[in-house]
Amino acid sequence: MTTTLQKTERETPGASPASFALSRFGWRGAVSAALLVALLFVAYALHGAGQAGLSLSLIFGAAFGIVLQRSRFCFFCNFREWYDDGDARGLIGIIVALAVGVVGYTVVFGSWLPDASTGRLPPDAFIGPVSYVLVLAGLAFGAGMAISGSCVSAHLYRLGEGSPTSPFALIGTVVGFILGFLSWNTLYLGAVAEAPSVWLPRWLGYAGALLAALVVLAAVAWLLSLRARNTVSSPAHDDQWRKIFVERWPAWIGGAIVGVLGTAAYLRVGPLGVTAEIGGRARQAGTALGIVPQRLEGLDTLRGCITVVRDALLSNNGVFIIALVVAAFAAAFTAGQFKPSWPSGGQITRGLTGGVLLGWGAMTGLGCTVGTFLSGVSAGALSGWIFGAAIFASVAATLFVGRRVGLLSKPTA
Amino acid sequence: MSFKTILSAAMALAIGAAVATSAQAQAPKASPLVTGEWLEKNANDPKVRIVEVSVEPGLFERGHIPNAQNIVWHTDLVDTVRRDVATQEKFQDLVRKLGIEKDSTVVLYGDNNNWFAAWGAWIFKSYGFENVKLLDGGRKKWEAEKRPFDTRVASVAPSKVTVSAFDKKLRANLAAVSDVVANKSNVTIVDIRSADEYSGKIFAPAGSQELAVRAGHIPGALNVPWGRAVNEDGTIKSVDELKKLYAAAGIDGSKPIIVYCRIGERSSHTWFVLSQILGYDVRNYDGSWTEYGNTVGLPVINVAGTVWGGK
């Protein structure tokens, strides 16, 4: 717990927002506020320059970064809290995000494609081909999460917290992407080319798919609660500002915001996803080095986080990620949660190894926990559910085995 | 400022063409282009059907001109198995679903300077629809003029229209092109690709999937890149400017014309400009360079000397 804040707690809030931030959160609050204002200014300037897509992506990225940091919306940590401590609140937060996302996407789909049964898929939604490759991708990605300590989106917000592992995990992710590109043609011709992209509303109708998703999510929530133990909740107090800017937001609130944000992003720019830019740049680098094949069969026709190599300096997803990291830093800095430290050898090794698995899984699975899983399930894609199941099964298995053989640290009591 | 130019161009056109009838009502009928202002006023006219043909997926769904309907170029307008445009039957199903009648005014628009909208216009014309127009400037101009977008689906009753057979007068095939090359017919061929594609310096623009294994151009073809017919704001240049532009390249409409590009879509833009706006006799060679440049034994001019597979 930080104490800096308590010192200034009794001061009178200032008249202007800036002096208020300064009085409540000291110079760190002022720096964070300035960063967010700078982001907004860039968004404003981009919009003025006729780049509405970039401008919106920046705002969505910043909002996503703040929510991830404030609510610790981390797929791995939330799972581990339940797995180790029986605290299901984080996972329930993810379930809330999925439920809100499914409802939101259904509202959007109804307007864009009134009839779900025409055989046409909604534009840009993450509805991926379902084959054993997707399961392998999920298993690799889950193992990567367990080893490196987070998935890609959480590594990004942790970059803003000064995590010593995340930079190495992200470097590993780029390497993993290149390995993914190297194995892609074989996997594509072997399985992906013929795999069906199953969109549940096409078979169940919008109402049926919505109902089915909510029933499954409710069932999972109930199963989680069976294992949940009593958890100590943090002592209640009345300082609202502290609750917003310093303490961890309740997971379900974070989840609900992520669900709304996912819907808004899909409506206006494209589904949430954090690996398109990393993948695109990895492909660019790999092609320049001559190690990635010139032709990646079928890849540019598939829906997912992986997109064509772009020449543009700034893509929507690139701006989204930069804003995510900057805003996560601003949120962490105000809360006194920016704690950079020198990486240890173990952190470097785990970051790189886990990162490679994350990258390979995200490439061959055409996305990550945010894209293929969260945005995919929201979009009614069977691929989202299967990828999610494979990820969490793999996280559990990797934690279990890794701790047995002593490669991963045991839970701290 | 540019809007003024168009307005005055449209006025000049109307007056030039004109009998002393109401110029305002006549303008859209006379011109193959409509302005955003006209379209916004007439969007609810049941005789007007608005169709978006954009390259980028998701654009239409996230916001389109009110009452517009969507055509997906890579599935709706082509035969997905053979390399050909949509069959008569398939196209008829499509236009019926869009509620288009024989006497409907079909206004097409899209992203990328109306590339694919112009290609759509070529197909609509070829299947016997008379009143086919482009929204001048496409999506870009509509947006720049701050006109509204809509995400709702237009409710349109299907029509029972019968589509006529594909009009071969608007389309050139490989045989027609090689006849020109062999001096068997007196036709001007216009290559509307970039200067680098024309000279053979590159095989295709970066990122293009479909290629020919030879670089260069069809012997005798004149190079006028399509983009020269377009103003900065995406609108098509005035009739006078267009006449001057093409005359300078040796194209004055005195001879029949064949236009081509790489796969036949960009060339539809020039086809539209030359045939619909200037009234020249123009055929679109939709096989284009990916057919000609891949055909064994035909003569090719490759100024740059680029060799396929070579270093």
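The values are calculated or read from the model by the stated rules, or taken from the named source; none is laboratory data. Everything numeric here is computed off the predicted structure, so don't read it as measured data. For neighbour counting, all protein chains shown are included, and Cβ atoms are generated from backbone atoms with ideal geometry for every residue, glycine included. Please note that ligands, DNA and RNA were not included when accessible areas were found on the heavy atoms of the full protein model with its side chains. Shrake-Rupley method; radii C 1.70, N 1.55, O 1.52, S 1.80 Å.
Points to keep in mind about this one:
- Restricting the first member to the range A:211-224 and to residues that are over 17 Å from A:F373 (Cα atoms), and the second to residues that are at pLDDT 95 or above and charged (D, E, K, R), no beta-carbon pair is closer than 7 Å while six or more apart or on different chains.
- For the range B:157-175, the tally of residues that are in contact with a strand residue (DSSP E or B) (Cβ under 7 Å, 6 or more places away or on another chain) and of a type in the set (A, V, I, L, M) stands at 2.
- Enumeration of residues in the range B:156-166 that are open to solvent by 60 Å² or more (accessible area, probe 1.4 Å) and either more than 20 Å from the chain's Cα centre (by Cα) or more than 25 Å from B:D84 (Cβ to Cβ) (or both): B:A157, B:P158, B:K160, B:T162
- Filter result for the condition that a residue is among the aliphatic types (A, V, I, L, M), closer than 29 Å to A:L324 by Cα and open to solvent by 20 Å² or more (accessible area, probe 1.4 Å), over A:L200, A:L204, A:L189, A:L170: A:L170
- Elements of type helices (runs of 4 or more DSSP H) in the range B:114-207, at least 2 residues being of a type in the set (V, I, T) and within 27 Å of B:P219 (Cα to Cα): B:174-181
- The single condition among (1) open to solvent by 60 Å² or more (accessible area, probe 1.4 Å); (2) at pLDDT 95 or above; (3) in contact with a helix residue (DSSP H, G or I) (Cβ under 7 Å, 6 or more places away or on another chain) that A:Y132 does not meet is (3).
- Any hit, the range A:64-77, residues being within 28 Å of A:G270 (Cα to Cα), open to solvent by 50 Å² or more (accessible area, probe 1.4 Å) and β-branched (V, I, T): no
- Number of the condition not met by B:V187 [criteria: (1) within 14 Å of chain A (Cβ to nearest Cβ); (2) surrounded by 16 or more Cβ atoms within 10 Å (Cβ to Cβ); (3) hydrophobic (A, V, I, L, M, F, W, C)]: (1)
- Yes/no for B:K169 being open to solvent by 70 Å² or more (accessible area, probe 1.4 Å), closer than 29 Å to B:S267 by Cα, away from every other protein chain (no Cβ under 14 Å) and under 17 Å from the mean Cα position of the chain (by Cα): yes
- Boolean, A:L217 is modelled with pLDDT under 95, surrounded by 15 or more Cβ atoms within 10 Å (Cβ to Cβ) and of a type outside the set (K, R): no
- Among the candidates A:S150, A:S131, A:S163, the residue that is within 13 Å of the chain's Cα centre (by Cα) and farther than 23 Å from A:G270 by Cβ is uniquely A:S150.
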